[in-house]
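Heads up, the thing below is written out as structure tokens.
The values are calculated or read from the model by the stated rules, or taken from the named source; none is laboratory data. Treat the numbers as computed from the prediction; the structure is a model and nothing was measured. FYI the Cβ positions are ideal-geometry reconstructions off the backbone, even for glycines, and counts take in every protein chain you see. Just so you know, the surface numbers come from the protein's heavy atoms only, side chains and all, with ligands and any DNA or RNA stripped out. Shrake-Rupley method; radii C 1.70, N 1.55, O 1.52, S 1.80 Å.
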Amino acid sequence: MAGNSQRRNRRTSNKKGATVGSGGQRRRGLEGKGPTPPAEMRKKHKKNRIANAKAKHEARRPTARRGGKGTSELVVGRNPVVEALREGVPASTLYVLQFIDNDERVREALQLVAERGGINLMEAPRAELDRMTNGLNHQGLVLQVPPYEYAHPDDLAAAAFDEGEDPLIVALDGVTDPRNLGAVVRSVSAFGGHGVVVPERRAAGMTAGAWKTSAGAAARTPVARASNLTRALESYQKAGLVVVGLAADGEHEVGELEALQGPVVIVVGSEGKGLSRLVGETCDFRVRIPMPGGTESLNAGVAAGVVLYEAARHRS
């Protein structure tokens, strides 16, 4: 009888049914999940993407570095000097020929120097000005432009992340005309970008010509210089930025690329040659600008302006 009782107990213990305390489990299941997490913690939210990219960047952010300085430059001749002063080109010293014929351009140059302040005014004999300019026709006016202090490429992305924004940067590959560089700087400023990157060698730098073409934008839009452009682009990728190269045979049309909505570097090559091989292979996407008119290529300044407009449209 004892054995039969034990067998009955084993059978009844395996019966399905409610267990003690199950009501409490059901009550907990009906409880709320708590407040909605902030945007920075929600996957696929723009602020979450920015926070993740910023965290990646901060984890590998270098100590303060600069991109070095350019070389000093001389603007020679009455008209070029007056135009440079009008456009706000940085200047350290204006050299004026002793006993110069005081015409309207000379008077305007002296007035602009006085109004701007911070520019030294030096009188020099003709022999000294001839020596400084290697015999160029200086017409008695020579303006010294100090070396441009370049940012480090990482500075541009860091500044955007610090403002809680997706970086929008333009890198130039093989662009040698300073006027194109100035035009790109102007477009980056106009469309809310965070700076321009140029290679250290075989590329245009921030000369007086670039300053003039930028129409003042160079004073508020930083230009960084990279010793190796490919490595700089790879560094941006590790920090969470997408590298988009502009190419005539690109696989995507610029107006359809959703990557422009997020942290991005737009790479523009030279007119005719386009992107160099290594830079082109580094790009995550290659995009083209549709041109129904049949033009083979656009100069760097115009091409950058088109892509920056599309990026700004995607972000609005």
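Details
- Yes/no for LEU278 being at pLDDT 90 or above, more than 16 Å from the chain's Cα centre (by Cα) and surrounded by fewer than 19 Cβ atoms within 10 Å (Cβ to Cβ): yes
- Some residue of segment 42-54 being at pLDDT below 75, out of contact with any Leu (no Cβ under 9 Å at 6 or more places or on another chain), open to solvent by 60 Å² or more (accessible area, probe 1.4 Å) and of a type in the set (S, T, N, Q): yes
- Residues within segment 116-125 that are modelled with pLDDT of 95 or more and in a helix (DSSP H, G or I), tallied: 0
- Tally of residues being farther than 17 Å from VAL76 by Cα and either polar (S, T, N, Q) or surrounded by 12 or more Cβ atoms within 10 Å (Cβ to Cβ) (or both) across segment 103-115: 1
- Some residue of segment 293-307 being over 17 Å from VAL196 (Cα atoms), open to solvent by 50 Å² or more (accessible area, probe 1.4 Å), touching a residue at least 40 places away in the same chain (Cβ under 8 Å) and in a loop (DSSP other than H, G, I, E, B): yes
- Test: residue in segment 161-177 that is among the small types (Gly, Ala, Ser), touching an Asp or Glu at 6+ places or on another chain (Cβ under 9 Å) and over 19 Å from GLY280 (Cα atoms): no
- Flag if VAL81 is in a helix (DSSP H, G or I) and either in contact with a strand residue (DSSP E or B) (Cβ under 8 Å, 6 or more places away or on another chain) or small (Gly, Ala, Ser) (or both): yes
- Here is the figure for segment 133-144: residues that are aliphatic (A, V, I, L, M) and either at pLDDT below 95 or on the phi > 0 side of the Ramachandran plot (or both) total 1.
- Count of segment 81-102 residues, restricted to those that are in contact (Cβ under 8 Å) with a residue 12 or more places away in the chain, polar (S, T, N, Q) and open to solvent by 40 Å² or more (accessible area, probe 1.4 Å), is 1.
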